[in-house]
Amino acid sequence: MIKYTIQHIKDFKKASEPFATLTAYDFTSAQILDEAKIPLILVGDSASMVMYGYDTTVPVSMDEMMLVVRAVTRGAKHSLVVADMPFLSYQPSIEETMKNAGLFLKKGNASAVKLEGGVHVETHISSLVNSGIPVLGHVGLTPQSYHQLSGYKIQGKTPREAQKIIDDAMAVQNSGAFGVVLECIPSLLAQEITNMLTIPTIGIGSGKSCDGQIQVFHDILGFSAAKAPKHAKQYGNMYTNVLEIVKNYKSDIEKT
Ligand code: KIV
């Protein structure tokens, strides 16, 4: 079975081949995604909500992310694993960025890191790339700026906002990232950016024109008590199924 690399991800765009990526946060789900030949697994900072029960991605720490990154890389033998840099693990300085991204590769065994932002993190990205750490960018709705954005909303609806997202995506490419996540932007804007860039775009809630797509594992499984975002098609109802199994187990034991 193929061992996916950065080059494979770039080649999908060159070949105009759409590709599916997903998040994972533990060993078993990483094994499943790996067996399904998902080329790229993101250990998203959505772990903050999905694994740790926080309300947003703001509180999750480097130590908490490191635990899930290490579990996923033990399970994924073929998928490329990208570790998401948590809030304030890179924003304060280039030194912090280098130290924390380096830890994800050295201790976490990840192959690349993801960070949010465009023009303002150009130097952060180029410093990592120049040191041999591949970077996936993330523009549009950047959930770590939840408070600054006054909640999770579609971004880029006005011409001014749209131009800012285009500038951010260009900055991510120019600083050497191998790809960029476009989160919750209008599909026409995502199409324009996808046509403009030479690196692959990976969309979430941004229409079908992106080169690849990403979703949160628990959202497509229906494996959460909370309602999944509208853009996440649910392929199952795992929460209800698991609840049923646990109830059946409980009543079996109670009967004996
Ligand atoms: O943390 C996350 O799950 C993400 C998304 C792009 C899926 O950043």
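Values in this text are rule-based calculations from the coordinates and carry no lab data. Note that the structure is predicted; figures quoted are calculated from it, not measured. Every residue, glycine as well, gets a Cβ built from its backbone with ideal geometry; the counts of neighbours run over all protein chains shown.
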- Note on the structure: Share of Cα-Cα pairs in the range 88-221 beyond 18 Å, whole percent, is 53 percent
- Taking every DSSP beta bridge that has both residues in the chain, what percent is antiparallel when rounded to the nearest 5? 5 percent
- Task: Relative to the longest principal axis of the C-alpha atoms of the chain, give the angle of the C-alpha long axis of helix 187-196, reported between 0 and 90° and rounded to the nearest 10°.
- Result: 50 degrees
- Can you list, bin by bin at 10 Å, the percent of alpha carbon pairs in the range 149-256, starting at 0? 14, 34, 24, 14, 8, 5, 1
- Note on the structure: Taking only the alpha carbons of the range 1-142, the radius of gyration and the largest Cα-Cα distance, Dmax, both in angstrom, are 14.4, 40
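Two decimals is fine: what's Rg over Rh for the chain, C-alpha atoms, Kirkwood radius as Rh? Display every interim value, and only then the final one.
Values: Rg = 18.2 Å, Rh = 18.6 Å.
Dividing the radius of gyration by the Kirkwood radius yields 0.98.
Okay, helix-only estimate at 222 nm for the chain: each DSSP H run of n ≥ 4 adds -39500 (n - 2.57), divide by all residues, round to 500 deg cm²/dmol; what do you get?
On the way: 10 runs with 107 residues, N = 256.
Mean residue ellipticity at 222 nm (helix-derived): -12500 deg cm²/dmol.
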- Message: Using only the Cα atoms of the range 1-83, what semi-axes does the equivalent ellipsoid have when each is the square root of 5 times a gyration tensor eigenvalue? Give whole Å, largest first.
- Response: 25, 14, 10
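Per Stokes-Einstein, at 4 °C and 1.567 mPa s, what whole-number D in µm² s⁻¹ belongs to the range 119-178, with the Kirkwood radius over Cα pairs as the hydrodynamic radius?
Working: Rh = 12.3 Å.
It diffuses with D of about 106 µm²/s by this estimate.
Roughly speaking, what is the stretch gain from SER16 to LYS153, that is 0.36 nm per residue apart minus the C-alpha to C-alpha distance, in nm to one decimal?
Working: separation 137, 0.36 × 137 = 49.32 nm, distance 2.93 nm.
Length gained, SER16 through LYS153: 46.4 nm.
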- Message: Just to confirm a number: summing +1 for Lys and Arg and -1 for Asp and Glu over residues other than VAL119 whose beta-carbon lies under 9 angstrom from that of VAL119, what do you get?
- Response: -2
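Between GLU96 and ASN241, what is the FRET efficiency for a Förster distance of 41 Å, r being their Cβ-Cβ separation, to the nearest 0.05?
On the way: r = 42 Å, r/R0 = 1.02.
It comes to 0.45.
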- Cα-based radius of gyration of the range 100-145 once divided by 2.2 N^0.38 Å, which approximates compact folds: 1.15
